[in-house]
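The values are calculated or read from the model by the stated rules, or taken from the named source; none is laboratory data. Just so you know, these numbers come straight off a predicted model, no measurement behind them. A quick note on method: Cβ atoms are made from the backbone with ideal geometry, for glycine too, and the neighbour counts reach across all protein chains shown. When the accessible area is computed, the model is the full protein with side chains, heavy atoms only, and any ligands, DNA or RNA have been set aside. Shrake-Rupley method; radii C 1.70, N 1.55, O 1.52, S 1.80 Å.
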Amino acid sequence: MTIASPDIGAAPRTPNVRTLKLAEAFFVPVAALIVSALLFSLFLLVIGKSPIDFFSLVWVGGFGSSFSIQQSLQRSAPLILAALAFAIPARIGLTMIGAEGALVLGGFAAAAIAIPLVTGGAPVPLAWLLMAGAAMLTGGLWIGLAGWLRHYRGVNETISSLLLSYIAIAIMNFFVEGALRDPASANKPSTMPIGDAYRIGAIPGTSVHWGFAAGIVLAVLLYILMSRTTFGFAARMTGGNVRAAQAQGLPVGFLVVTCCIIAGACAGLAGFFEVAVIHGQANASLVAGYGFTGILIAFLARHNPLAIVPVAILFGAIAAAGGLIQRRMGMPDATVLVLQGIIFVVLLASDTLYGRLKFFQPPALGDRT
Amino acid sequence: MDNSLVIVLIAMLGGAIRVSTPFMFVALGECLTEKSGRINLGLEGNLVLGAMVAYAVSFHTGNPWFGVLAAGGSGIILGALHGYICKLPKVNDIAVGIAIMSFGTGLAFFFGKAYIQPSAPRLNSISLGDWTGHGPLAQALQVNPLFFVGIALAILMSWAFANTRWGLIVRMTGDSAASAKAMGVSVDLVRFLATAAGGFLAGIGGSFLSLYYPGSWNEGLSSGQGLMAVALVIFARWDPIRCIWAALLFGAAGAIGPSLQSVGITQGYYFFNAAPYILTLFIMIASARSKGAAREAPGELSITK
């Protein structure tokens with residue numbers, strides 16, 4: 001007598017858990033972006049502007065022509081680095097918002113160390129190496145300080161990193177207007193210009209400067225570091241539960257401070273590129289708000305270094321289209337700030353959807369329908 | 001030389017009173033929010049938006065006090081937004097604070113473009129020092145009415161926390177949410193109301209910036225005062241009266257730069273202006289290790305866990 005047995009040998013036709021989680025991690029931020037776009041459109045309608053105009057101008061100004069695409073990539077370079085500066089400490093559980101200060105201080109350090117190099121006629125590659133090194137070291141130490149204070153003194157890192165950011169800007173202003181001021185820069189106090197010979201050029205064949213390439217390289221390297229090395233695994237584990245990590249004997253203090261130094265180095269490098277490519281000298285223009293946009297990008301990319309690159313390009317496009325929007329629609333530059341604020345708020349609120357959307361939950365065991 | 005020292009000290013006294021007022025209001029608002037167990041880092045946004053709204057409303061209505069109230073209203077809206085989002089599960093409330101800060105500042109800059117040039121009616125000051133006949137002292141003692149409102153508010157809050165049912169409910173929600181729930185109190189609602197009320201006070205603090213000192217609206221009005229107030233509350237160990245003293249201390253630190261400038265010392269200008277930030281940093285380091293602070297912290301506050 002044969003008993004009809006259920007087909008227990010066949011694999012369940014449900015997608016595996018990993019695919020579901022990946023889909024969820026992609027879907028929720030994209031949904032947040034769409035909802036933010038809708039809310040922002042509402043905002044535009046209320047003030048009498050056309051959302052269609054706005055978004056089509058973003059498309060044209062950001063991706064419409066080869067020129068605009070290159071502008072977007074160019075603008076995204078500091079954003080990639082600033083976002084990495086937030087994302088790496090975020091993986092270890094810290095909320096470091098001092099990237100702005102690290103960027104400024106790094107750019108200043110690069111310009112300052114350039115002064116003896118330029119006047120001494122040092123070879124250009126050496127000068128770049130030293131400038132970048134100084135920038136990364138200064139930025140790294142700055143954020144590293146905040147991390148050290150957090151682990152060894154229990155000081156809340158969000159507030160301390162922001163305070164350090166303001167202090168960094170004050171330090172830069174102090175030197176730029178005082179000891180290191182270039183006498184020729186009367187209207188806008190700056191350090192001595194590094195001169196055209198030392199400016200970093202564009203990637204051959206494009207008009208995008210090397211900072212973009214550096215950003216991509218760092219994003220890939222940091223992705224490998226955080227996802228494929230023991231260090232990264234230990235760091236993520238600490239980010240999940242500090243006490244469990246300590247109980248396991250992980251060197252939490254070392255991990256925290258190192259991650260912060262890496263983050264600060266990224267921000268400092270962004271400052272170096274700002275000085276070596278865009279401005280040619282250090283002055284108040286270094287304070288451009290990249291730090292805060294970087295935080296938003298990091299959240300949208302869910303703190304994944306690889307995902308940061310496309311998100312940063314998107315924001316670079318919005319920035320590149322900014323001038324066009326200002327002129328064509330007669331709106332102030334703060335419009336982009338409002339859009340970013342809306343995206344930020346909606347994105348964080350959407351955090352609550354993780355684990356609550358039925359579609360993405362793996363089916364319970366024994367459920368074979 | 002002696003005379004300049006006296007002038008600097010007097011200027012610092014006046015500055016302390018003036019500059020401390022926005023700190024006072026933001027700190028009292030944050031104190032209320034944190035007593036209920038939630039941390040609101042978005043008060044910087046409340047401050048800036050409140051400043052802009054106050055200036056705009058004062059400009060349109062001709063009465064600065066309407067501006068103050070409107071600023072409070074904008075503060076309630078931002079605070080309510082913060083409170084609403086934070087009560088959703090899995091939301092990172094420190095990040096939400098940064099987002100609200102970003103959003104509030106963006107809105108303020110956007111709508112504020114039209115109000116940078118025009119001049120709006122400002123709050124009058126009460127001259128307390130005219131009887132001294134001493135020029136600089138009389139000027140230092142030109143006190144604005146919001147300063148007294150702030151002090152009265154702190155006394156009221158301190159009394160209310162200790163002696164009223166509402167104060168007890170707020171404290172209970174902040175110390176142990178489980179006990180509050182056991183008593184039938186809706187933890188979410190109490191925190192939501194406390195965050196909204198905290199936002200109201202922060203908005204009023206912002207109105208002071210644009211309607212009294214510095215007395216105009218521009219995009220560089222506030223630079224981190226909202227976040228310094230959070231550090232201030234920890235330093236004051238969540239006691240409203242100590243918040244006032246701490247605010248006066250911060251005000252004096254913020255007044256060092258302008259006071260020295262008034263006697264002609266302009267070197268190191270940026271360092272003196274960075275004094276409040278440096279002071280805040282040292283205070284945070286000191287109070288992070290303090291056993292007193294750990295004892296008096298509301299139990300549910302995530303910042304100290």
Which of these, A:ASN173, A:ASN16, A:ASN241, has the largest mean-square fluctuation under a Gaussian network model of chain A (Cα springs below 10 Å)? A:ASN16
With a 10 Å cut-off between alpha carbons and a GNM built on chain B, which of B:ILE204, B:ILE77, B:ILE155 moves the most? B:ILE155
Scaled to the compact-protein estimate 2.2 N^0.38 Å, what is the alpha-carbon radius of gyration of region B:136-289, rounded to two decimal places? 1.23
Chain B: angle of helix B:187-211 to the longest principal axis, Cα-based, in degrees nearest 10: 10
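Using Cα pairs under 8 angstrom and six or more residues apart, how large is the relative contact order of chain A, in percent? Provide the component values of the computation, followed by the final result.
Numbers: 587 pairs, mean separation 128.7, N = 369.
It comes to 35 percent, rounded to a whole number.
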Residue by residue through region A:103-120, the couplings from Karplus 6.51 cos²θ - 1.76 cosθ + 1.60 with θ = phi - 60°, in Hz, x for Gly and Pro, are 4, 4, 5, x, x, 5, 4, 4, 5, 5, 6, 6, 4, x, 5, 5, 5, x
Treating the angle as unsigned and between 0 and 90°, give the value, to the nearest 10°, between the Cα long axis of helix B:145-163 and the longest Cα principal axis of chain B. 30
Residue span B:ARG295 to B:ILE155: 0.36 nm per residue of separation minus Cα-Cα distance leaves a gain in nm of 48.2 nm
I'd like to know which of B:CYS243, B:VAL170, B:VAL263 lies farthest towards the positive end of the charge dipole of region B:164-271, counting +1 on Cβ of Lys and Arg and -1 on Cβ of Asp and Glu. B:VAL170
I'd like to compare B:180-187, B:104-111, A:138-145: which one has the highest average count of other Cβ atoms within 10 Å, and what's the full order after that? A:138-145, B:104-111, B:180-187
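Order of B:191-201, B:35-45, B:279-289 by packing, highest average Cβ count within 10 Å first?
Numbers: B:191-201: 26.1, B:35-45: 29.2, B:279-289: 18.3.
Those peptides, ordered most packed to least, come out B:35-45, B:191-201, B:279-289.
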How big is chain B along each principal axis, measuring the range of its Cα positions in Å and listing the largest first? 63, 45, 35
In degrees, nearest 10, range 0 to 90: what is the angle between the Cα axis of helix B:275-288 and the longest Cα principal axis of chain B? 30
Just A:SER165, A:SER56, A:SER36 to compare: in a GNM of chain A, with alpha carbon springs under 10 Å, which one fluctuates most? A:SER56
Plugging the Cβ-Cβ distance of A:LEU22 and A:GLU177 into 1/(1 + (r/R0)^6) at R0 = 51 Å yields, to the nearest 0.05, a FRET efficiency of 0.50
Scalar couplings 3J(HN,Hα) for region A:221-228 by Karplus 6.51 cos²θ - 1.76 cosθ + 1.60 (θ = phi - 60°), nearest whole Hz, x for Gly and Pro, are 4, 6, 4, 4, 4, 7, 9, 10
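For region A:57-175, calculate the relative contact order in percent as a whole number, restricting contacts to Cα pairs under 8 Å that are 6 or more residues apart.
On the way: 102 pairs, mean separation 35.9, N = 119.
Worked out over region A:57-175, it gives 30 percent.
Which value in deg cm²/dmol, rounded to the nearest 500, describes the helix-derived mean residue ellipticity at 222 nm for the protein assembly as shown, given -39,500 (n - 2.57) per DSSP H run of n ≥ 4 and division by the residue count?
Values: 27 runs with 473 residues, N = 674.
That comes out to -23500 deg cm²/dmol.
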Please list, ordered by chain and number, the residues whose modelled amide H lies under 5 Å from the amide H of A:HIS209; skip anything fewer than 5 residues away on the same chain. A:ILE203
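Return a whole-number percent for the relative contact order of region B:30-178, with Cα pairs under 8 Å and 6 or more residues apart as the contact set.
Details: 169 pairs, mean separation 42.0, N = 149.
Value for region B:30-178: 28 percent.
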So between B:TRP166 and B:ASN92, what do we pick up on full extension, going 0.36 nm a residue minus the alpha carbon distance? 23.9 nm
Using the Karplus curve 6.51 cos²θ - 1.76 cosθ + 1.60 with θ = phi - 60°, work out ³J(HN,Hα) for each residue of region B:21-38 in order, rounded to whole Hz, and write x for Gly and Pro. 4, x, 4, 4, 5, 5, 5, 5, x, 5, 4, 4, 4, 6, 4, 8, x, 10
Where labels lie 7 Å past Cα in the beta-carbon direction, separation of B:GLN139 and A:THR229 in nm: 5.9
Can you tell me the dipole magnitude for region B:171-305 around its Cα centre, using point charges on the Cβ only (Lys, Arg +1; Asp, Glu -1), in Debye to the nearest 20? 400
What's the FRET efficiency of A:PHE254 with A:THR119 using the Cβ-Cβ distance as r and R₀ = 45 Å, to the nearest 0.05? 0.70
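Looking only at other chains, what is the average number of their beta-carbon atoms within 10 angstrom of each beta-carbon in A:162-172? Walk me through the intermediate numbers first.
Values: counts 11, 12, 3, 2, 11, 8, 2, 4, 10, 3, 1.
Shielding by partners across A:162-172 averages 6.
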At q = 0.10, 0.14, 0.22, 0.25 Å⁻¹, base-10 log of I(q)/I(0) for region A:45-126 (Debye sum, equal scatterers on each alpha carbon): -0.51, -0.83, -0.98, -1.04
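Give A:LYS21/B:LYS87; A:LYS21/A:LYS49; A:LYS358/B:LYS87; A:LYS49/B:LYS87 a once-over and call out the pairs whose C-alpha atoms are over 28 Å from each other. Walk me through the intermediate numbers first.
Numbers: A:LYS21/B:LYS87 24 Å; A:LYS21/A:LYS49 39 Å; A:LYS358/B:LYS87 21 Å; A:LYS49/B:LYS87 33 Å.
Exceeds cut-off: A:LYS21/A:LYS49; A:LYS49/B:LYS87.
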Return the long-range amide H neighbours of A:SER190 (sequence gap of 5 or more, or a different chain), with a cut-off of under 5 Å between placed amide H atoms. A:ASP182, A:SER185
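If you put +1 on each Lys and Arg Cβ and -1 on each Asp and Glu Cβ, how big is the dipole of region A:97-195 around its Cα centre, in Debye rounded to 20? Working shown, then result.
Details: 4 positive and 4 negative charges, 21 e Å.
In debye, rounded to 20, region A:97-195 gives about 100.
Nearest 100 Å² is fine: how much accessible area is buried between A and B, summed over both sides, with a 1.4 Å probe? Provide the component values of the computation, followed by the final result.
Details: alone 18390 and 14160 Å², together 28830 Å².
Summing both sides, the interface buries roughly 3700 Å².
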What is the magnitude of the charge dipole of the protein assembly as shown about its Cα centre, with +1 placed on the Cβ of each Lys and Arg, -1 on the Cβ of each Asp and Glu, and no other charges, expressed in debye to the nearest 20? 1340
